[in-house]
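What follows is a single structure, written as structure tokens, with notes after it.
The values are calculated or read from the model by the stated rules, or taken from the named source; none is laboratory data. None of the values given here were measured: they were computed from a predicted structure. Note: ideal-geometry Cβ built from the backbone for every residue, glycine included; neighbour counts use all protein chains shown. For the accessible areas, the whole protein counts, side chains as well, though only heavy atoms, and no ligand, DNA or RNA atoms are used. Shrake-Rupley method; radii C 1.70, N 1.55, O 1.52, S 1.80 Å.
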Amino acid sequence: MRRVSVFGATGSVGQNTIDLIARRPDDFDVVAISGGANVALLAAQAKLLRADLAVIAQDDLLSDLQDALAGTGIQAAAGRCALLDAAAIPVDWAMSAVVGFAGLEISLAIAKNTRTLALANKESLVCGGALLQKTCADHQTRLLPVDSEHSAIFQCIAGADKLVERVILTASGGPFLKSSLAAMEQATPEQAVAHPNWDMGQRISIDSASMFNKAMEVLETHALFDVTPDQIEVIIHPQSIVHSMVGFTDGAIMAHLGPADMRGPIGFALNWPERADLPVERLDFGALGALSFQHLDPVQFPALGLAEQTMQMGGLAGAAFNAAKEAALDLFLARQIGFLDMARVVRAVLAQTDVASNDILCVEAVIAADAIARVKAGEAAQKGF
Ligand code: NDP
Ligand code: MG
């Protein structure tokens, strides 16, 4: 039996991970699972999987969790420190699926103590990619990407890293692909959250509409694979069937196709290096009819240009980019800024980011860069555009 833990179990990726693990109770011994605030779901998952430990991040929810788990023998804990302690418990496989910058330290704790880190939390790579890679190398931890595009790229490369010429990330285009700029200026959180193909958490769904998610994925690609910024391309593919492609030096392109179901990439990481049966829909190409591709409009989706700028800046620019983006998203959700203002906030923060300090192999430096960028994002939004 493999000892496994799941962080962010109550979220979209987390629930899909729990679903796959719960189908094979004889194969997995569940050590720790975590949630942010959803005590009822976390307790239900812990009971279903007979986990040893359930941790809720919000510390004032400890007694609620204890009540929900009373008599089960499952240990309950709460708060940020308890969460990081749980991530440091040695296991064979752990999923890092907390949303946002809060996931970085969890990924680092897993990387120091676990054989395989299944990484959904893209912020870990965008903000502290070099640090996380070094931590994994120092502790001989295998890092497996879970983001669907990066799982696809990993599967397409299949060990032929030296022969990669280009990586082509696909993007659905989100709900505003056919919208005018004027309509996008007025877009509400309710409109932005409605992703045409994928069922995901609220924040990543809105990031998909603004293409900030794809911008994050470009930065993630840069941190994960041995490719330069000019080897990374983004193409719109509205059907979300091709999850990404890799071009090799002989001109051949390998593409990864599958249904838009996160249980595909999660299951790949759970079963790697084997492949196992997964409960995902099988593609019917006759029913699909056609797959289409188109270039994206950089004026409509300025986030991609900002990702390029971030890669050129290097160092802690990724942490600043992510923090500004997260802060801008909070302001958009609070209806304090408009949809397209999010990119304006990130641009303003990057313009003020000092690239001289690029001590990225230290988590404190990343945390400081994150905090500074959040303050600057607030100031930029207040000043107006
Ligand atoms: P969700 O918002 O659905 O879930 C986030 C999880 O993190 C929940 O368990 C939530 O707890 C928990 N959480 C939230 N804030 C904190 C915190 N401060 N400390 C500890 N735990 C916290 O997110 P997703 O599942 O959509 O995304 C998770 C990560 O995976 C993100 O980094 C995302 O970019 C990435 N990803 C997601 C994909 C998807 O299909 N959803 C695809 C590819 C990547 P609770 O709900 O109990 O409050
Ligand atoms: Mg993705």
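Just a few scattered comments:
- Gaussian network model of the chain, springs between alpha carbon atoms under 10 Å - residue of Gly35, Gly251, Gly174 with greatest fluctuation: Gly251
- Here the chain is scanned for trypsin sites (Lys or Arg not before Pro) in DSSP loops (not H, G, I, E, B) that have at most 10 other Cβ atoms within 10 Å, and the longest stretch holding none of them is 1-177.
- Solvent-accessible area of the chain (1.4 angstrom probe, protein heavy atoms only): carbon and sulfur portion equals 52 percent.
- Along its first, second and third principal axes, ordered by size, the chain spans 57, 51, 40 Å in Cα coordinates.
- Between Pro229, Pro238, Pro298, the GNM of the chain built on Cα springs shorter than 10 angstrom shows Pro298 fluctuating the most.
- Extension gain (nm, one decimal) between Arg50 and Gln336, 0.36 nm per residue minus Cα-Cα: 98.6 nm
- Computed over Cα pairs, the Kirkwood radius of region 290-385 leads via Stokes-Einstein (1.567 mPa s, 4 °C) to a diffusion coefficient of 93 µm² per second.
- Highest-MSF residue in the chain out of Asn113, Asn197, Asn271 [GNM, Cα springs under 10 Å]: Asn271
- In summary, the helical segments of the chain meeting the span-like criteria, namely a full DSSP H run, a Cα extent along the axis of 27 angstrom or more and a mean Kyte-Doolittle hydropathy of at least 0.0, are 363-383.
- Helical runs assigned H by DSSP (4 residues or longer) give the chain a calculated mean residue ellipticity at 222 nm of -14000 deg cm²/dmol, each run adding -39500 (n - 2.57) before division by the residue total.
- Note on region 153-225 and region 57-134: Cα centroid distance 25 Å, given to the nearest whole angstrom.
- For the chain, the solvent-accessible area with a 1.4 angstrom probe is 42 square angstrom per residue.
- Ranking by accessible area, most exposed first, for Val164, Val193 with a 1.4 Å probe: Val193, Val164
- Number of Lys pairs (Cα under 14 Å; 8 or more positions apart or on different chains) in the chain: 5
- Accessible area of Cys81 in the full protein assembly, 1.4 Å probe (Å², nearest 10): 100 Å²
- FRET efficiency for the Leu291 to Leu181 pair, using the beta carbon distance and R₀ = 25 Å, is estimated at 0.35.
- For region 2-146, dividing the convex hull volume of the Cα atoms by the residue count gives 87 Å³ per residue.
- Computed P(r) (all Cα pairs; region 204-251; 5 Å bins; percent): 5, 16, 26, 27, 17, 6, 2, 0
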